Amino acid sequence: EPEVTQTPSHQVTQMGQEVILRCVPISNHLYFYWYRQILGQKVEFLVSFYNNEISEKSEIFDDQFSVERPDGSNFTLKIRSTKLEDSAMYFCASNPGAGRETQYFGPGTRLLVL
Amino acid sequence: GENVEQHPSTLSVQEGDSAVIKCTYSDSASNYFPWYKQELGKGPQLIIDIRSNVGEKKDQRIAVTLNKTAKHFSLHITETQPEDSAVYFCAARWPPYNQGGKLIFGQGTELSVKP
């Protein structure tokens with residue numbers, strides 16, 4: 001069964017550094033998402049992406065965040081200058097569209113900002 | 001917008017017993033409610049979902065019920081097994097009728113099934 005994959009599984013970085021989290025959504029899916037989960041808290045929506053552009057973003061998704069789908073398979077989340085409070089588990093998800101509603105989640109990237 | 005509240009935060013049951021997790025949502029327009037199971041070190045996996053035109057849905061030992069008037073929905077797991085131990089999340093999609101809409105999650109319930 002096709003799966004959403006994410007790399008790396010863990011990333012440790014220094015405050016102020018740039019990080020890129022990578023995702024390969026399920027092939028032929030149309031909608032793509034990033035969510036994050038701070039330890040002990042709810043899973044929170046960050047951004048959705050459709051037809052090569054952002055369709056919605058949350059208040060968390062400020063100018064320090066960006067997303068790209070550079071080559072039709074990868075979907076990346078970039079944090080330009082990380083803060084301590086960016087430490088969280090980041091999940092990528094994809095949705096096939098075409099009348100189907102299920103969002104399929106990847107295993108996540110655990111980001112630790114020191 | 002939508003808000004989802006989930007309880008309890010932890011639930012411990014004996015193997016073979018039933019487990020019930022409840023969620024409430026704030027916007028009566030919401031129409032799609034998935035439930036996800038998250039095992040340690042893994043991403044959330046969809047286990048069942050329900051749409052607002054249906055009051056109940058079952059899949060083997062798992063069922064979900066929806067009360068639109070009260071704006072709450074519940075997950076029922078019967079004959080629990082140790083492998084059911086995980087964190088369970090309810091969610092609502094927002095905006096409604098947008099198949100690409102985001103999911104608004106509840107706080108999660110950590111279910112522990114004791115052998």
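FYI, it's all coordinate maths here, none of it is from the lab. Please read all numbers here as calculations on a predicted model, not as lab measurements. Here the Cβ is made from the backbone with ideal geometry for all residues, glycine too, and neighbour counts use every protein chain on show.
Structure values in brief
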{"item": "Charged-residue dipole, Cβ positions (Lys, Arg, Asp, Glu), the protein assembly as shown about Cα centre, Debye nearest 20", "result": "180"}
{"item": "Distance from segment B:1-64 to segment A:37-86 (C-alpha centre basis), Å", "result": "25"}
{"item": "Relative contact order computed over chain B (Cα-Cα under 8 Å; 6+ residues apart), in percent", "result": "37"}
{"item": "Relative contact order of segment A:1-97, pairs being alpha-carbon contacts under 8 Å that are 6 or more residues apart, as %", "result": "38"}
{"item": "Selected from A:Phe65, B:Tyr25, A:Ser9, residue furthest toward positive end of dipole (the protein assembly as shown; charges at beta carbon)", "result": "B:Tyr25"}
{"item": "GluC sites (Glu not before Pro) restricted to segment B:71-115 and DSSP loop, no more than 14 other C-beta within 10 Å", "result": "B:Glu79"}
{"item": "Peptide A:55-66 - average C-beta neighbours from other chains (10 Å radius)", "result": "1"}
{"item": "Within chain B: Cβ-based charge dipole about Cα centre, in debye rounded to nearest 20 (Lys, Arg +1; Asp, Glu -1)", "result": "360"}
{"item": "Per-residue mean of C-beta atoms belonging to partner chains within 10 Å, peptide A:31-39", "result": "2"}
{"item": "Coil-residue chymotrypsin sites (Phe, Trp or Tyr not before Pro) of segment B:1-99, DSSP, other Cβ within 10 Å capped at 14", "result": "B:Tyr97"}
{"item": "Cα pair distances in chain B, grouped into 10 Å bins until the bin that holds the longest one, percent each", "result": "15, 49, 29, 7, 0"}
{"item": "Kirkwood hydrodynamic radius (C-alpha pairs) into Stokes-Einstein, the protein assembly as shown, 37 °C and 0.692 mPa s, D in µm²/s", "result": "181"}
{"item": "Hits among lysines - C-alpha to C-alpha of B:Lys22 under 26 Å, sequence gap 8 or more where chains match", "result": "A:Lys42, B:Lys37, B:Lys42, B:Lys57, B:Lys58, B:Lys68, B:Lys71, B:Lys102, B:Lys114"}
{"item": "Shielding score for A:102-111, defined as the mean number of other chain Cβ atoms within 10 Å", "result": "4"}
{"item": "Calculated from backbone phi, Karplus (6.51, -1.76, 1.60) coupling profile of segment B:11-18 in Hz, x at Gly/Pro", "result": "8, 10, 9, 7, 3, x, 7, 9"}
{"item": "Exposed GluC sites (Glu not before Pro) absent: longest stretch of chain A, with sites in DSSP loops and at most 11 other Cβ within 10 Å deemed exposed", "result": "A:60-114"}
